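Take a look at the structure set out below.
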Amino acid sequence: MKLYGYLGKPDLNAPRAPMAAETMPDHAIAGLPVDPHGSPAKRRPGLERRMNQITPSDRSRLQGAEALPRFATVEQLIEQTRPVLPVYCIFPERFALAAQRFQDFPGDALYAVKANPAPQVLDQVYAAGIRHFDTASLAEIELVRRRYPDARCHFMAPVRIAGAAHAAFHKHGITDYVVDCDFELDKLVTETGGGKGLRIFVRLSTPLGGALLELSSKFGTTPEEAAALLKRVVASGAEPGLTFHVGSQCLSPFSYAQAIEMARRTAELAHVEIAALDIGGGFPGPYHNNDVPPYRSYFDTIREAVDALPHKPDLLCEPGRALIAEGVSVITQVVLRKDDKIYLNDGIYGSFDELTLPGWTADYPLRVFSVDDGRHPVLQPDGHTPFRVYGPTCDTLDVLPRPLMLPENIKPGDYIVVDAIGAYSVALRTTFNGFYPDSWAIVGN
Ligand SMILES: Cc1ncc(COP(=O)(O)O)c(C=O)c1O
């Protein structure tokens, strides 16, 4: 993978001058009301006024990492701000580690923006050295190009809104596209004015091997149809490529080998030498209740399968989850307890949509903190009592599909820190019932 981030670009993670606790901007988490029970705001008059000075329009302006408050640890954040709304914590060193892993990938890693398009997160991905972005809409393309003029976007959605390819090609100079049927190929070639100068990837559907979430029933086609499309791509003057997505949270490296072999057969059927192979996303996040093989075994398996191809294509992958899951935690608070039911300030209409997907068996790692002395958050021992966990909205469906194992004595005011929440959480939150988690902080270095 090509990494450019350490070469003189603005380093969004550069350590700032250390702030003494007294001078730490306590207003820091913009827009957050504070806990009336023993919050720092209550103890220090003036803070509340300063918090209120940050207006909603300031909030949307102060979006990227450079505008975010910093804390050494999650405990320090809880102690100093006592948040009553969910707070997304960004851990820059975890983003850096995730991107570093992909240095062993034998090609280019494109960040799949859909996994988390928040500017605060994109900034971390960029700062970690990623310069290629898998974008699936004009809005994603515009977001990336506005923010990182030196980044390269690839339009890898197989279905595009009418006119999107025209704007992507003529306005943004995008040359990589995906198709999985004649209609989309015709539309693409018409809108871009011919295939010349383009690289067009035909998407294969692959069997659901080791992935929790399949991504081959909506998009992708058979080797036979893909072979026919490949021939048409060549006839259009474009460079031919193949792509697939083995499914998200793929726990088996072998799924990639199987799909690469399918690509080999397709190219052979078409008698086409493919210029590029994009093996999609699917690399797993580090959740509990899932056996995640080491990344090295994915890359070794992929390298071996690619080496078996008769010609060496350019190799790409499109990780979403793997580049950002670990980099974000969310601090939530228990609002109410009724026996073995607890109500949180975040739910499935906020950060936890992915838990509701059929086939999703993974659990986010959890940490529970109590603030019993009114000041210092104390990490609680791992819990073994099952609790039904509800979100803050009025909808009965706003409940986590499986109970969480929590400390028996958990109570309102306690904090549940949900780790590895970066993927498909922020991206899917809604404003339903007036709840919209959108407070951010940087934690650690
Ligand atoms: C075309 C495409 N590429 C990449 C991704 C990212 O997948 P993952 O987050 O599993 O790596 C997705 C996810 O939906 C996708 O549809």
When GLY282 is run through (1) out of contact with any Pro (no Cβ under 7 Å at 6 or more places or on another chain); (2) more than 13 Å from the ligand (Cβ to nearest atom), the failure sits at (2)
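I want to confirm something. Restricting to the range 302-316 and keeping residues that are within 16 Å of the ligand (Cβ to nearest atom) and out of contact with any Asp or Glu (no Cβ under 7 Å at 6 or more places or on another chain), which single residue is farthest from PHE201 (Cα to Cα)?
ILE302
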Could you tell me whether the range 243-257 includes any residue that is away from the ligand (no atom under 13 Å from the Cβ) and in contact with a helix residue (DSSP H, G or I) (Cβ under 6 Å, 6 or more places away or on another chain)? yes
So for the range 221-234 (the condition being assigned by TED's automatic domain parsing to the domain that holds HIS271, within 16 Å of the ligand (Cβ to nearest atom), of a type in the set (Gly, Ala, Ser) and surrounded by fewer than 20 Cβ atoms within 10 Å (Cβ to Cβ)), does at least one residue qualify? no
Taking the range 182-220 and keeping only residues that are away from the ligand (no atom under 16 Å from the Cβ) and closer than 18 Å to ALA257 by Cβ, one is left with PRO207
Within the range 267-283, count every residue that is surrounded by fewer than 18 Cβ atoms within 10 Å (Cβ to Cβ) and not hydrophobic (A, V, I, L, M, F, W, C). 3
What residue, among those in the range 182-211 that are in contact with a Pro (Cβ under 7 Å, 6 or more places away or on another chain) and of a type in the set (D, E, K, R), is surrounded by the most Cβ atoms within 10 Å (Cβ to Cβ)? ARG203
Answer from TYR148, TYR126, TYR111 - the residue that is among the hydroxyl-bearing types (Ser, Thr, Tyr) and within 16 Å of the ligand (Cβ to nearest atom): TYR111
Strands (runs of 3 or more DSSP E) completely within the range 268-376 that count 1 or more residues being under 26 Å from PHE254 (Cβ atoms): 276-278, 314-317
How many residues of the range 394-418 are touching a Lys or Arg at 6+ places or on another chain (Cβ under 7 Å) and either outside the structural domain of ASP346 (by TED's automatic domain parsing) or closer than 25 Å to PRO119 by Cβ (or both)? The answer is 1
Quick one: in the range 411-445, of everything that is surrounded by 19 or more Cβ atoms within 10 Å (Cβ to Cβ) and polar (S, T, N, Q), which residue is farthest from ASN290 (Cα to Cα)? SER439
Looking only at the range 151-159, decide whether some residue is of a type in the set (D, E, K, R) and out of contact with any His (no Cβ under 7 Å at 6 or more places or on another chain). no
Which condition number does PHE387 fail, the rest of (1) assigned to a loop (DSSP other than H, G, I, E, B); (2) more than 16 Å from the ligand (Cβ to nearest atom); (3) within 27 Å of ASP339 (Cβ to Cβ) being met? (1)
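The values are calculated or read from the model by the stated rules, or taken from the named source; none is laboratory data. Computed from a prediction, not measured in an experiment: that's the story for all the values here. Please note: Cβ atoms are built from the backbone with ideal geometry, for glycine as well, and neighbour counts cover all protein chains shown.
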